[in-house]
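Worksheet: one structure, shown below.
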């Protein structure tokens, strides 16, 4: 691999196999599910580690809104590092030595900001629109999801209609409410991919409306970076004639779209 930038690129390319190895190391039933604080802490560590490796250490962990116990975060982060080292074969010791100091800095930042995060209470959802009001005229459902908190930062009326609620009710709510349980890990993978890369992605998946029905959709996601946060911009169109059953895993469709 040779070089921190190459190591960062290798970690991105091996993301899925490392996750599988991590789940094996933690054992059955011990790996945190998608949408849990532990999974969110790991996602933020990965993003921080990739930025630090690419910049030579000039990066700061993004911890705003994160609510997780330090020991729980440490457990999943260290399991991920060991999984990455195991996937690297003979290069494992070098991978471990590069990532462990970053894990220590991440834990230190988590520990030092814990009192402020406790005093701050729940993160503010905010009511400002994240994109131009012109998106309201788009017929496809639009959701802007904060990649750090998984909260819906913006939506259009078509999204509200698709999900059986109002646009205002969507804004500030967790995107996980509208994703079928069995597809959350795949959605987490897509959020990670759009956070760590710049390419748009296309896939087939499903959303769950307010009545608990799964709506198969064809979707695309694009990264949008502001000075304060990174948003995943989703456009979703219902698939005509498809029953509300489990569609193809969209990570597979996304992979085919990028070949």
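So how do 146-152, 208-214 stack up, highest first, on mean other-Cβ count within 10 Å?
By packing density, highest mean first, the sequence is 146-152, 208-214.
As a rough guide to protection, the peptides 158-166, 94-102 ranked by mean Cβ packing within 10 Å, highest first, stand as 158-166, 94-102.
Once the Cβ-Cβ distance between residue 104 and residue 5 is put in as r, and R0 is 25 Å, what FRET efficiency do you end up with, to the nearest 0.05?
0.70
Model label points for residue 229 and residue 209, set 7 angstrom from Cα along the Cα-to-Cβ axis, are 2.7 nm apart.
Laboratory data are not the source of any read-out in this text; all were calculated from the coordinates shown. These numbers come from a predicted model, not from an experiment. Neighbour counts run over all protein chains shown; Cβ positions are idealised from the backbone, glycine included.
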